[in-house]
1. If B:LYS79, A:LYS120 are ordered by their accessible area, calculated over protein heavy atoms with a 1.4 Å probe, which sequence runs from highest to lowest?
2. What share of the DSSP beta bridges in the protein assembly as shown is antiparallel, in percent to the nearest 5?
3. Treating each Cα of the protein assembly as shown as an identical point scatterer and ignoring solvent, apply the Debye formula and state log10 I(q)/I(0) at q = 0.17 Å⁻¹.
4. Would you mind working out the accessible area per residue for the range A:35-136, using a 1.4 Å probe, and quoting it in Å²?
5. If you roll a 1.4 Å probe over the range B:1-57 with all protein chains in place, what percent of the accessible area is carbon or sulfur?
6. Return the equivalent ellipsoid semi-axes of the range B:32-74 as a descending list in whole Å, where each equals the square root of 5 times an eigenvalue of the C-alpha gyration tensor.
7. Tell me, for the protein assembly as shown, which Cys residues have no other cysteine's C-beta sitting closer than 4.7 Å.
8. How far apart, in nm, are two points set 7 Å out from the Cα along the Cα-to-Cβ line at A:LYS69 and at A:GLU136?
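The values are calculated or read from the model by the stated rules, or taken from the named source; none is laboratory data. Worth saying up front: this structure is predicted, and the values here are computed from it rather than measured. Because the Cβ atoms are built from the backbone with ideal geometry, glycine has one as well, and the counts that use them run over all protein chains shown. What goes into the accessible areas is simple: the full protein's heavy atoms, side chains included, and nothing from ligands, DNA or RNA. Shrake-Rupley method; radii C 1.70, N 1.55, O 1.52, S 1.80 Å.
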Amino acid sequence: MTTEKRGPDFHLRLQKVKSGEDHKAVREKRDGANVVVYLSSRFLGIGDEALGSVLMRSFLKTLLELETKPSRLILINGGVWLSSEGSDVLETLRILSERGVEILSCGTCLDFYGLKEKLKVGVVSNMFTIAQALLEAGTSR
Amino acid sequence: MTCILLFQSVHQVMKAEKVLKERGVAVDLIPVPREISSDCGVAIQVPAEVSEKALCFIGERGLSCVECYQRGDGGRFEKKQ
């Protein structure tokens with residue numbers, strides 16, 4: 001079984017499986033899709049910020065190239081600069097979003113940095129949704 | 001079509017990106033494609049039509065790219081330098 005969000009609707013797809021092997025394959029595919037990427041800064045890793053910025057751009061572009069995509073990308077604290085006006089990675093995030101990656105930006109953080117009106121990709125989220133998404137990572141959706 | 005410029009280190013990539021931005025070149029920083037091996041994991045991508053100019057701008061600042069590839073419409077890479 002797979003689920004897909006299309007606009008306001010969820011589409012459920014059921015597939016009849018014949019053997020244990022097929023069942024395993026379906027389960028692995030489904031589980032593999034529920035990966036959550038959590039970014040708590042606009043820089044990747046701790047250290048030089050210029051390098052961190054380069055690494056972040058490289059990381060997000062690499063996600064575009066990979067066949068397996070995360071189901072969600074959570075941006076918290078300084079991470080919300082990535083989805084806001086002026087970000088170097090907006091186009092990359094837009095493509096990821098078009099390919100089904102949900103981009104959640106922490107509302108409290110957008111508010112703190114004065115970016116509430118400048119969010120350009122994805123949706124505003126809250127701690128409840130973010131915590132739930134993290135706890136559900138790695139399980140079936 | 002685009003050109004991928006590879007450098008010896010990430011420091012050189014960062015300097016080259018700065019130089020090209022200052023000179024108004026549409027530059028993009030990308031992970032080095034799997035098909036190409038490099039010591040440095042990031043590369044610079046520029047539109048093919050401005051690649052010669054970009055190499056000149058970089059050279060003027062004492063930077064030099066170690067390899068240059070052209071990415072065709074089919075996604076294949078052809079080594080130019």
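1. Order by accessible area, largest first: B:LYS79, A:LYS120.
2. Around 65 percent of the beta bridges assigned by DSSP in the protein assembly as shown are antiparallel ones.
3. -1.19
4. On a per-residue basis, 53 Å².
5. Its accessible area is 49 percent carbon and sulfur atoms.
6. Values for the range B:32-74, descending: 19, 15, 7 Å.
7. By the Cβ distance rule, which asks for a partner under 4.7 Å, the isolated cysteines are B:CYS3, B:CYS40, B:CYS56, B:CYS65, B:CYS68.
8. Computed distance between label sites A:LYS69 and A:GLU136 equals 1.8 nm.
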